[in-house]
Amino acid sequence: MLIGEFKGTLDDKGRVSLPAALRKELNEDILYLTKGEDDCLWLYPSEKFDKLVNDNLRAVTDPFSKTDRRTLRQHVGSAQQVEIDKAGRIPIVQNLREFASLSKECMILGQLDYIEIWDIDCYNDYFNKDKKGEFESAAEVISQRIKQKRGIV
């Protein structure tokens with residue numbers, strides 16, 4: 001399980017070091033890096049990326065749908081296979097750095113099955129904006145899903 005919030009630094013060659021705790025959980029050297037939602041990058045272990053593409057996206061998308069094409073372009077079309085080097089770093093290509101506005105300081109978040117990589121200022125802006133109501137609403141939606149799954153509602 002990939003969890004935790006870690007600060008990182010993008011080096012002059014466009015590489016970021018993955019925290020040791022996350023590398024240990026990844027347990028593999030080849031990963032997939034792609035454009036995520038909310039202007040961050042998503043980093044997936046191979047098996048989880050395959051599951052995202054084959055079990056989720058492929059099963060529910062239609063190439064004749066404008067919305068579906070946009071989703072596929074963002075998450076599949078932009079995907080890059082990356083390798084963790086001996087120093088624990090991954091390279092981030094220029095177009096992905098630009099998409100996520102990555103500068104120097106980064107925030108690296110474990111999100112259970114994948115990792116998010118944010119520019120630190122974008123990450124702080126995301127949480128510092130008046131989103132309390134948005135987060136409370138999201139928590140209520142999740143609560144309803146849990147209750148339905150348990151047969152309570």
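Okay, here's what the table says:
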read-out	value
Karplus 3J(HN,Hα) series, Hz, for the stretch 92-102 with 6.51 cos²θ - 1.76 cosθ + 1.60 (x for Gly, Pro)	10, 5, 3, 5, 6, 4, 5, 4, 8, 6, 5
Options 44, 59, 76, ranked by Cα towards positive dipole end of the chain, top entry (Cβ charges)	59
Cα centre as origin, Lys/Arg/Asp/Glu Cβ charges: the chain dipole, Debye	340
Residue order, fewest to most surrounding Cβ atoms within 10 angstrom, among 13, 147	13, 147
Longest DSSP-loop-exposure-free segment, GluC sites (Glu not before Pro), the chain, at most 14 other Cβ within 10 Å	38-153
Global geometry of the stretch 1-41, whether rounded, prolate or oblate, following the gyration tensor of its Cα atoms and the 1.5 cut on a/c	rounded
FRET efficiency for residue 28 and residue 139, using Cβ-Cβ distance with R0 set to 22 Å, rounded to 0.05	0.10
Label zone at residue 9, where the point sits 7 Å out along the Cα-to-Cβ direction: the stretch 84-112 residues whose backbone N lies under 20 Å	85-93, 97, 101-109
Within-15-Å neighbourhood charge of residue 69 [Cβ basis; K, R +1; D, E -1]	+3
For the stretch 1-117, alpha-carbon Rg relative to the globular expectation (2.2 N^0.38 Å, N residues)	1.04
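Each value in this text was obtained by applying a stated rule to the coordinates, not by laboratory testing. Not measured: the values here are computed from a predicted model. Glycine gets a Cβ as well: all are built from the backbone with ideal geometry, and neighbour counts include every protein chain shown.
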